[in-house]
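What follows is calculated from the coordinates using simple rules that are stated; it is not laboratory data. This is a predicted model, so every value here is computed, not measured.
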Amino acid sequence: MNKNLKIYFGIAAVAIIGAILYFALRPPHVHTEGDGHDHGTTTEKTEEHHDEEGGAMVKEVHLNEAQYKTTGLVLGGFEKKNLSEVINANGYTKLPPQNQAQVSVQLPGTIWSIKVIEGQAVKAGQVLATMQSMAYNNMRLEREKLNQELTASQTNLEFLKLEFARQKELTDENVNAKKVFQKVSSDLQMEEAKIRTLQSQIAILGQNIGIGGNSTSPIINITAPISGNITDINVTIGAAAEVGKPLFSIVDNSKMHVDLLVYEKDLFKVKPGQSVRFILTNQDGSEIRGKIFSVGKSFENETKSVAVHADILNEKQMLIPGMYVNALVDVGANTVDALPIDAIIKAEGREFVFVLSEEEAEKKDVVHDEKEGHSHDDGDKHEEAEGKEYHFQRIEVKTGTSQLGYVQVTPLQPLEAGQKVVVKGAYYLQSHLTKSEGGGGHEH
């Protein structure tokens, strides 16, 4: 009997040891998203589920608040764009000649000071630089000499007038010879002519001196002929300023317009007053608006294109002359729902956009797990309870006309009014979907 008990106890001990080893060495159980439990610490995940009608698979990407901020996603919405009844045209920004200036000097000299820097805004008449000029000083000296000579001539004229009156009286009384009277009369006329010449010379010298300075200062001021911004400075302190050589360049971009080249086949559709939308080919793709004010009457550069001139309505745009643009001339009024091209992603031979679900509530995973009776360490509780979780759903769409960085988009399932669409960063969400699918994502 004791032997049988020993056998039974041995078998029981082996069974207990086996059970302990089984539970100790088996792999941990992984909850799927369908059982309502998530024991991991990663808050970025994907989901797949069928729609209520049993149609195509709808996929979602979940990001926590930190991930959402670091990915640089940009949300937007559908915009009404005229993408159908338009004419494509290329061109460049241009300034009229009256809004450009080359500043030079009329007298040779040496630059004394420079009072502006490139890019600085200046007003008409503002001093840009000063210079000293021997020719200028010589003109000032010459004017002083002429003024002295004029004063002497005017004094002599007064004497000749008195002498003329005296000789005339003597001649009338036959006291003096007529030739003496004739000589005084001739001297008077010559002195009057000399005074007129001196006055004219002094006026001309005064005009020349007044171009850059004044009679009381040996320094010539070089001033701005128009208001605008300094674009070039072609001189340094101490350098020689040559007559007619540009020292400064000024542009006034407030009157910037666009010259578009429209081909002959489209010319009859273009009229003054039509709206123009264009983007800068080397910039960020932001749209600028304008309006046609003139259509050319001749072909440009022996081509079958005509210059169409359009005012720029976006006054705050940072434009400079010579920028190339790609433009659309609106010749119709048919508008469609459109999104930026970056919002569209292509996968599995179809086209999609990501939309932000309405739910942006704080995470409740910790409370849910506690009700289910699961325990987590304090670190997991703190991490899951902080911030928000963003749900992005991938929606299939159909695209149409694409122009100026926008594309016509028609969702293949209803969207709520005002629902946000990922307009920048959609490829990040798609790459996460692809990575998750390759690694075995969750599926409902």
At q = 0.15, 0.19 1/Å the base-10 log of I(q)/I(0) from the Debye formula over the alpha-carbon atoms of segment 183-262 is -0.80, -1.00
With 0.36 nm assigned to each residue of separation and the Cα-Cα distance removed, Thr110 to Leu415 gains 102.6 nm
Correct semi-axes for segment 102-200, from √(5λ) of the alpha-carbon gyration tensor and rounded to whole Å with the largest first, are 54, 12, 9
Here the alpha-carbon Rg of segment 68-137 over 2.2 N^0.38 Å rounds to 2.27
If the chain between Lys269 and Lys388 were fully extended at 0.36 nm per residue, the gain over the current Cα-Cα distance would be 37.5 nm
